[in-house]
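The values are calculated or read from the model by the stated rules, or taken from the named source; none is laboratory data. Keep in mind that this is a model prediction, so the values were computed, not measured. Reconstructed Cβ throughout: ideal geometry from the backbone, glycine too, with neighbour counts over all protein chains shown.
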Amino acid sequence: MIEAGKPNPVEYIQHHLTNLQVGHGFWTFNLDTIVFGWLLGGFLVFLSWRVGRSLSLDNPRGAQNVLEAILEFVDIQIKSAFPKPDPLIGPLALTVFLWVFLMNAMDLIPVDLLPKAAEYAGIHHLKVVPTTDPYTTLGMSLSVFALILYYNIRIKGAWGYFKGFLFHPFGKWLMPVNFMMTAVEELAKPLSMGLRLFGNMFAGELVFLLIALLPWWILWVPGTLWAIFHILIITLQAFIFMILTIMYLALAYQSLDDAH
């Protein structure tokens, strides 16, 4: 039974899934997504700078060991997909993995902690997990898609790239069909990347909200178990987004070898 004066479960969930917004209509911005996304990005830059200043070849320790292990892991994934080094792919893949992981990890903070603190400051809505906002995930995937277009146009030229839409996969006699199928195939890349990450993180956040509605004397058991399992999910989703970034760019990059 819901106590008087307290929001019912539907109101509670709706409140926690509502962004802090500014602006109106098309120019509405999810301010909490922007702030937390940039804060985590700034933290990543600061951490990298601090580790870079204290690098030790003879006695690596702490954050340097962790970052070196991640760097080696990312490097293995890149070498398995790319025939030769590219100056952009390594830094991009590492940044994507770490930034997405940090944004996902905000889901491990108790769901009421930061929103309650924000209420004391007069902020009535606050979502702290940037990757539960489709604008974030689709924005990142569209950035990758822009790089895919860049590599294709750089190698084939604008007309050469467009011709691929007309003659693949059925040849010149079915150009309208070719164009539609190839366009759908290309557009599916950013959509699949963005929606996969958003869907998994949104579902994880919703589970935490449902657990938070349980009585206080029992919620810590499923909450703890889900948090432990969710660590695997947030890491896996960051890994998948990074791998898709590498693979989609590798497919475009293959054109460079084919052209030669």
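Quick notes on this structure:
- Residue match in segment 180-188 (condition: on the phi < 0 side of the Ramachandran plot, assigned to a helix (DSSP H, G or I) and under 12 Å from the mean Cα position of the chain (by Cα)): no
- Residue ranges of helices (runs of 4 or more DSSP H) in segment 1-88 with at least 2 members surrounded by 12 or more Cβ atoms within 10 Å (Cβ to Cβ) and over 21 Å from the mean Cα position of the chain (by Cα): 9-16, 63-81
- Enumeration of residues in segment 40-58 that are farther than 13 Å from LEU98 by Cβ and modelled with pLDDT of 85 or more: TRP49, ARG50
- The residues of segment 103-124 that are outside any helix (DSSP H, G or I) and crowded, with 18+ Cβ neighbours inside 10 Å amount to a single one, VAL111.
- For beta carbons closer than 8 Å, sequence separation of 6+ or different chains, a first residue in segment 108-134 that is closer than 20 Å to TRP38 by Cα and a second that is part of a loop (DSSP other than H, G, I, E, B) and of a type in the set (Asp, Glu), the qualifying pairs are LYS127/ASP133.
- Qualifying residue in segment 157-178 (condition: touching a residue at least 40 places away in the same chain (Cβ under 8 Å) and of a type outside the set (Val, Ile, Thr)): no
- Residue match in segment 212-232 (condition: within 25 Å of PHE145 (Cα to Cα) and surrounded by fewer than 14 Cβ atoms within 10 Å (Cβ to Cβ)): no
- Checking every residue in segment 195-209 against the condition of being more than 15 Å from the chain's Cα centre (by Cα), surrounded by fewer than 14 Cβ atoms within 10 Å (Cβ to Cβ) and either of a type outside the set (Asp, Glu) or part of a helix (DSSP H, G or I) (or both) gives zero matches.
- Every residue from segment 131-146 that is over 19 Å from ILE13 (Cβ atoms) and buried (at least 18 other Cβ atoms within 10 Å of the Cβ): THR136, THR137, LEU138, MET140, SER141, VAL144, PHE145
- Within the set ILE109, ILE89, ILE123, the sole residue that is hydrophobic (A, V, I, L, M, F, W, C) and over 30 Å from GLN14 (Cα atoms) turns out to be ILE89.
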